[in-house]
Amino acid sequence: MILYIHYQKGTLLILLTVSLILLTSLTQAQTSSNNYALPPPMITGIPQGPSNNTYPNPEYARLVAYSLYFYEAQRSGKLPTNNRVSWRHDSALNDGQDVNLDLSGGYYDAGDYVKFTFPLSWTITTIAWGALEWNQGYQLANQTQYLMDMVKWGTDWFIKASSNTNSTEYQYLYVMVGNLNIDHNYFGPDTNIPTPRPSSKVDTSSHGTDAAAGVAAAFAASSILFQSNDSNYSNTLLTYAKNLYAFAETTPFTLYQNSAPLVKEGYSSTNYADELVWGALWLYRATNDTTYLNKAVNYFNSNSFSKKVFNWDEKSGGNYVLFAQLFQQSGQDSSRWKSLAEKYLDTIIKTSGGDCTFTDGGLFWCDGDSDDASLTVSLGAAFLSLVYSPIATSNTKSREYINFALSQIDYTLGKNPLNTPYVIGVHPNSPQNPHHAGAHGGSDMNNPPQTLNILYGGIVGGPDKGDDFSDSRSDYAHTEVAMDYNAAFQSLMAYQMINSHTDPYYVNVPPGIPKRRKISTGVIIAIVMLCLLLLIIAAVLFWKRKAIVDWWKRRRQTKSNGHYEYGSY
């Protein structure tokens, strides 16, 4: 039995030693030779350089400005004379010719050259919402005009893409320009975008409930934003919003990809009820017409909403917060809506399992939704938390929502296991290889190997569930940028411009990304086999323990009779 005990201790020692070796090898510092990214001239109206925690903070002003610069880099069509992106050119000027319309302009959706209406409508609405909440942030950063230009570039294209009629005879909305199969085979500059670029639409005979209601919301939110400085344009946007929402309400209600199948591989919608509520709430906020509020309540009551994410496809969380805001602002009983909003937010900040959880590094993560663009889920939740926090039912809850939001902002700005701010161009540890054809500046994805143009302010897809990030141009799940990725971030930076008296986290992060070594599959298999072997040996020894003890006793007895003694055991 003594031998068995010794064996058990040996096994434990081996297993502990292996574990310590593995744990020790998981991290190893990797230094970077890059210099700090310098901003392009005239991108901000404030001095650059160390902020020393001054207020208003110049680093947050830079982030507000850089994000707007990113949107400028996504422009399609005939560029204005004040274009600041030297490598972006007039492009796709013939869009819409296939349907005898001028559909040039608007924004390229991501790192390619396709234009999508549905996700862009969420982007414009979210940025307008954030600007209505935290407009002072843009003023402090001297970026108000760039903000208005950014929104107008999108709404001008929506005007081109929609029929603007309240006639029931014929209405339409163009939801996509381009073909993903053609476009994804090209990774070059915007001077040679491949054709054809087909124009896809929904119309009176082939409905698109979700897309029409989403664009109506964007029109309505933007009309509020323009009320104070361009009333004529504001009124135009509101007219389009009303007519497009009437189109959205035509039956039968239909997911827009069923009428425009080319969008299926890009942005398929999973529901249209959340957009019907979303559009009605924004029209109520823009008009104060209770007809729209009643519509929103009726559509809400007749459908179920449960997802935790807030993004281009899922507006439920935004609806909870909007309901609570609008009922409180109008002096009506908001208790039901506050309860729903807080239940929704509480399941996010206190989540401990299920489809949504937190990574070890602290990133809010939802399986499925976070797999291809993790930061959009995190930043969307942070955005709603901050919008709602001023009307929370207690100071404790308000502080919880703010703290959660700040934790996600900090993670995005470098407080993560890789010390990586996931904003391009702000730090040596920022992503260097975004999946973006224009910024790459080459003839194909691998030529040249380095990115020639810095896509300042772009938010990349982000890390995986293990907090790891592959800074590879071909790994689009990690490194692609998109219009919707920056939407919540843009507004959060305006919030920080107003409220933060300290630097963004990356300011105090030295160059160098910690290298997190992953155990290869072969090593894992070898470790498992070794453990199984040790367990088998232990089992055999336990099973044969009586025979082993008897043999040991006989051996000692033999040695003793031969006048040879071992030491004590």
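Within the chain, what's the longest run with no GluC sites (Glu not before Pro) in a DSSP loop and at most 13 other beta-carbon atoms within 10 Å? Give the range, please. With GluC sites (Glu not before Pro) excluded where exposed in loops, the chain gives 266-564 as its longest stretch. Peptides 185-194, 284-293, 445-454, 109-118 ordered by packing proxy, namely the average of other Cβ atoms within 10 Å per residue, highest first: 109-118, 284-293, 185-194, 445-454. Summing Lys and Arg as +1 and Asp and Glu as -1 over all other residues whose Cβ lies under 12 Å from the Cβ of H435 gives a net charge of -4. Computed from backbone phi, the HN-Hα couplings of the stretch 404-412 come to 4, 4, 5, 5, 6, 5, 4, 4, 4 Hz, rounded to whole numbers (Karplus: 6.51 cos²θ - 1.76 cosθ + 1.60, θ = phi - 60°; Gly and Pro given as x). Once the Cα-Cα distance is subtracted from the 0.36 nm per residue extended length, the A477 to W551 segment shows a gain of 20.4 nm. Calculated [222 nm] ellipticity per residue, helices only, for the chain: -15500 deg cm²/dmol; basis is -39500 (n - 2.57) per DSSP H run with n ≥ 4, divided by all residues, nearest 500.
Taking other C-beta atoms within 10 Å as the exposure proxy, R399, R473 rank R399, R473 from fewest upward. Calculated FRET efficiency, I525 to N185, Cβ-Cβ distance, R0 = 30 Å: about 0.20 to the nearest 0.05.
Here are labelled values, (i) 1.08; (ii) 0.97; (iii) 1.19, and one is the computed Cα Rg over 2.2 N^0.38 Å for what I pasted. Which one? The calculated read-out lines up with (iii). Note on the stretch 176-283: semi-axes of the ellipsoid equivalent to its C-alpha gyration tensor, largest first and rounded to whole Å, are 28, 20, 11. Between I513 and Q30, S32, the built amide H atoms are under 5 Å apart, and every one of these is 5 or more places off in sequence or on another chain.
Output the pairs from K201/K295; K160/K242; K115/K264 with a Cα-Cα distance over 18 Å in this structure; if there are none, say none.
Beyond 18 Å between Cα atoms: K201/K295.
In this structure, the amide hydrogen of S91, modeled 1.01 Å from its nitrogen in the peptide plane, lies closer than 5 angstrom to those of G77, K78, L79, counting only residues at least 5 positions away or on a different chain. Modelled label positions at E265 and N403, each set 7 Å beyond Cα in the direction of Cβ, lie 4.7 nm from each other. Each of V85, V540 was scored by other Cβ atoms within 10 Å of its Cβ. Listed from fewest to most, they are V540, V85. For a paramagnetic label modelled on Q145 (point 7 Å from Cα along Cα→Cβ), amide N atoms under 13 Å away belong, within the stretch 54-82, to 81-82. Isolated cysteines in the chain, defined as those with no second cysteine Cβ under 4.7 Å, comprise C531.
For the pair the stretch 275-290 and the stretch 403-432, the centres of their Cα atoms are 35 angstrom apart. Sorted ascending by nearby beta carbons within 10 Å, beginning with the fewest, L375, L533 become L533, L375.
At a Förster radius of 45 Å, what calculated FRET efficiency corresponds to the Cβ-Cβ distance of A246 and D98, to the nearest 0.05? Working from the Cβ atoms, E equals 0.95. Relative to the current alpha-carbon distance between N53 and Y170, full extension at 0.36 nm per residue lengthens the span by 36.4 nm. Listed values for the stretch 344-351 are Karplus-derived 3J(HN,Hα) couplings in whole Hz (6.51 cos²θ - 1.76 cosθ + 1.60, θ = phi - 60°), namely 4, 5, 5, 5, 7, 6, 10, 5, and x replaces Gly and Pro.
Shown in residue order for the stretch 284-298 are the 3J(HN,Hα) couplings computed by the Karplus curve 6.51 cos²θ - 1.76 cosθ + 1.60 at θ = phi - 60°: 5, 5, 7, 10, 6, 8, 5, 4, 6, 5, 5, 4, 4, 5, 5 Hz (x for Gly and Pro). Site pair H501 and D333 shows an inter-label distance of 4.1 nm when each label is modelled 7 Å from Cα along Cα→Cβ. Backbone amide hydrogens, once placed in the peptide plane, bring Y107 within less than 5 Å of S76, excluding anything fewer than 5 places away on its chain. Residue separation of K343 and N288 scaled by 0.36 nm, minus their Cα-Cα distance, works out to 17.1 nm of gained length.
The numbers here are math on the coordinates, done by the rules we state, and not lab data. These figures come from a predicted structure and were not determined experimentally. Don't worry about glycine lacking a Cβ; one is built from the backbone with ideal geometry, like all the others, and counts go over all protein chains shown.
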